[in-house]
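Taking it in order: structure first as structure tokens, then the write-up.
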Amino acid sequence: MSKNTKQSSPKVTALASETLRDPDASAIAKSLAASVLSQSSSAKETGKAMETKASQVLQSEKYSDTTKTLAASVLSQSDKLR
């Protein structure tokens, strides 16, 4: 696996933290938020399943801007070879 030099920005990391604490946040938003936080200070890359989930969120009109922001951050840290 290649090394990921990108990390979640402080602004998106804060958004992810707020999402995880929000009892009204959807399961998909919380899943994306957890992925964002796991990449906030490490060289971890987004896995294939999470890439697919994030891509589906961005292509759908039913998700909020917050959820789409989290999805975009997750995709920005994906494996470029996939």
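The values are calculated or read from the model by the stated rules, or taken from the named source; none is laboratory data. Here the structure is a predicted model, which is why all the values come from computation and not from measurement. Here Cβ is always computed from backbone atoms with ideal geometry, including for glycine, and neighbour counts include all displayed protein chains. Just so you know, the surface numbers come from the protein's heavy atoms only, side chains and all, with ligands and any DNA or RNA stripped out. Shrake-Rupley method; radii C 1.70, N 1.55, O 1.52, S 1.80 Å.
Looking only at the stretch 47-79, count how many residues are in contact with a strand residue (DSSP E or B) (Cβ under 6 Å, 6 or more places away or on another chain) and part of a loop (DSSP other than H, G, I, E, B).
1
Looking at the stretch 56-82, which of the residues that are open to solvent by less than 50 Å² (accessible area, probe 1.4 Å) and of a type in the set (Val, Ile, Thr) is modelled with the lowest pLDDT?
Among residues in the stretch 56-82 that are open to solvent by less than 50 Å² (accessible area, probe 1.4 Å) and of a type in the set (Val, Ile, Thr), the one modelled with the lowest pLDDT is Val74.
Filter the stretch 8-36 down to the residues that are within 16 Å of Ser78 (Cβ to Cβ) and either touching a Pro at 6+ places or on another chain (Cβ under 8 Å) or not in a loop (DSSP other than H, G, I, E, B) (or both) and list them by number.
Hits for the stretch 8-36 are Val12, Ser31, Leu32, Ala34, Ser35, Val36.
Report whether or not Ala34 is aliphatic (A, V, I, L, M) and open to solvent by 60 Å² or more (accessible area, probe 1.4 Å).
Answer is no for this residue.
So is Lys53 on the phi < 0 side of the Ramachandran plot, touching a residue at least 12 places away in the same chain (Cβ under 8 Å), surrounded by 15 or more Cβ atoms within 10 Å (Cβ to Cβ) and more than 10 Å from the chain's Cα centre (by Cα) or not?
The answer is no for Lys53.
Do you know which residues across the stretch 1-20 are more than 18 Å from Asp65 (Cβ to Cβ) and either surrounded by 14 or more Cβ atoms within 10 Å (Cβ to Cβ) or modelled with pLDDT of 95 or more (or both)?
Asn4, Gln7 - these are the residues of the stretch 1-20 that are more than 18 Å from Asp65 (Cβ to Cβ) and either surrounded by 14 or more Cβ atoms within 10 Å (Cβ to Cβ) or modelled with pLDDT of 95 or more (or both).
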